[in-house]
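Please read the structure below before turning to the comments.
Read the figures in this text as sums done on the coordinates, not as results from a lab. Everything numeric in this text was worked out from a predicted model, so none of it was measured. Cβ coordinates were reconstructed from backbone atoms using ideal geometry, including for glycine residues, and neighbour counts include every protein chain displayed.
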There are 2 protein chains.
Amino acid sequence: MSISPSAALDAGRGPAEHDVRTQIIEAATAHFSHYGYDKTTVSDLAKAIGFSKAYIYKFFASKQAIGEVICANCLAQIESDVHAALQGVDAAPDRLRVLFTAIVEASLRLFLQDRRLYEIAVAAATDRWPSTQAYQGRIRQLVEVILKDGRASGAFENQTPLDQTSRAVYQILVPYLNPVTLPHLSVMHEESPTALQELVLRSLSPQRV
Amino acid sequence: MSISPSAALDAGRGPAEHDVRTQIIEAATAHFSHYGYDKTTVSDLAKAIGFSKAYIYKFFASKQAIGEVICANCLAQIESDVHAALQGVDAAPDRLRVLFTAIVEASLRLFLQDRRLYEIAVAAATDRWPSTQAYQGRIRQLVEVILKDGRASGAFENQTPLDQTSRAVYQILVPYLNPVTLPHLSVMHEESPTALQELVLRSLSPQRV
């Protein structure tokens with residue numbers, strides 16, 4: 001296996017495996033966000049970072065493996081934005097409103113700010129990478145927890161099966177989470193998801209106002 | 001302008017312009033559904049039909065102009081399926097249920113049966129061809145009419161602004177109508193839109209059951 005001079009140098013300096021992985025991910029993120037994910041090969045990446053292809057392959061089995069980490073980082077950013085927005089919001093209906101607004105905004109931000117990085121998200125959604133599956137599972141879980149809390153506090157109705165209703169609410173949210181579908185929805189054209197939220201909240205309310 | 005022998009023959013038989021257009025559309029539909037829309041050129045099409053390229057251009061300004069007619073035909077088929085399903089269904093809540101189910105089924109059928117023809121639908125949705133815009137407008141109108149009828153009969157609540165609520169219901173339907181987004185939704189994986197329908201209907205109901 002050939003090791004490039006710079007890689008050998010790094011190895012000489014003795015960076016922990018974790019650090020080299022981080023370094024590759026950071027460089028790859030910058031590279032992909034400039035040149036795009038689809039058209040970049042591991043060779044291009046290696047050349048840009050100044051590592052040998054073989055050295056990169058020591059840490060990542062494929063371009064997709066690098067993409068998976070970047071994708072997971074992006075999704076973690078969206079989730080962190082959502083949790084920050086939910087901070088201090090107590091009532092279940094408000095939490096659901098904030099969840100809808102914050103997740104759509106965070107997803108749009110990723111799409112609009114970094115179109116080329118977005119290619120990774122599209123590949124991830126299309127090929128159902130584990131990171132996106134796990135992310136969707138956590139959002140679905142978050143919806144269910146909000147519904148459960150709302151039922152416990154009397155803010156939401158209690159007659160329908162919780163799993164069916166939380167799946168339906170999640171299903172309404174899904175097209176706005178998926179990077180392939182998001183650009184085709186009206187939020188892209190300055191229509192906010194407010195009407196959608198209010199429809200969902202009326203559906204969940206225990207009685208008519 | 002050169003006219004191919006077969007076209008000249010057709011001209012000799014004196015087909016009306018309408019008939020030649022229909023003939024081109026039928027041949028193009030068959031060709032696209034076999035070889036795909038994206039990779040086929042007007043030259044390929046002309047060769048396959050046995051017309052000259054120039055002759056085709058007499059009737060259609062571009063490949064997209066042919067695609068637009070095929071797309072409009074597909075959408076007309078979906079709408080005709082939906083209206084057939086709605087036949088004899090009177091109560092507004094039932095009509096809304098049937099609309100959801102029938103439109104998702106008809107769209108899926110088009111997607112699953114004719115993947116290559118589906119490329120046209122994708123191009124149409126991505127580039128916002130007039131036929132898809134008009135189709136969406138008609139479906140949106142249909143939703144509003146059902147909601148209006150339901151309000152008049154007392155089946156649906158009357159407190160919310162009709163336009164806002166019908167837009168929200170339509171927004172829930174949109175991802176299932178759009179050929180780009182449809183394959184990424186759970187209905188593709190045998191999850192029916194039933195939970196979604198029921199959530200919407202609870203939201204529209206004038207009082208809790």
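Some values worked out for this structure:
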| read-out | value |
| --- | --- |
| Descending semi-axes in whole angstrom, ellipsoid equivalent of the range A:11-95, from the Cα gyration tensor | 34, 15, 10 |
| Length released on extending from B:Asp19 to B:Lys53, taking residue separation times 0.36 nm less the Cα-Cα span | 10.5 nm |
| About the Cα centre, charge dipole magnitude for the protein assembly as shown (Lys/Arg +1, Asp/Glu -1 at Cβ), debye | 400 |
| Test item: Cα-centred dipole of the range B:68-179, Lys/Arg +1 and Asp/Glu -1 on Cβ, debye | 120 |
| Packing-based ranking, highest mean first, of A:98-106, B:26-34 given that Cβ atoms within 10 Å are counted | A:98-106, B:26-34 |
| Relative packing of peptides B:61-68, B:196-203, A:88-95 - highest average C-beta neighbours within 10 Å first | B:196-203, B:61-68, A:88-95 |
| Per-peptide average of other Cβ atoms within 10 Å, ordering A:39-46, A:16-23 highest first | A:39-46, A:16-23 |
| Across the identical copies, how the B:Glu17 labels are spaced - nm, sorted shortest first, 7 Å along Cα→Cβ | 7.3 |
| Test item: A:131-139 mean partner chain Cβ contacts at 10 Å | 0 |
| Computed helical MRE - 222 nm, chain B, DSSP H runs ≥ 4 contributing -39500 (n - 2.57), nearest 500 | -24000 deg cm²/dmol |
| Kirkwood estimate for the range A:112-177, i.e. one over the average of 1/r between Cα atoms, Å | 13.5 |
| Summed residue charge, Cβ within 10 Å of B:Phe60's Cβ, Lys/Arg positive, Asp/Glu negative | +2 |
| Dipole in debye (nearest 20) - chain A, about Cα centre, beta carbon charges: Lys, Arg +1; Asp, Glu -1 | 320 |
| A:Ser80 versus A:Ala65: modelled label distance in nm, points set 7 Å from Cα along the beta carbon direction | 2.5 |
| Whole-number D in µm²/s for the protein assembly as shown (Stokes-Einstein; Kirkwood sum over Cα pairs; 10 °C, 1.306 mPa s) | 64 |
| Relative contact order, percent, chain A [alpha-carbon distance under 8 Å, six or more residues apart] | 21 |
| For A:Gln87, label point 7 Å along C-beta direction: distances to other copies, nm | 6.0 |
| Dimensions (Å) - chain B, Cα atoms, principal axes, largest first | 71, 34, 27 |
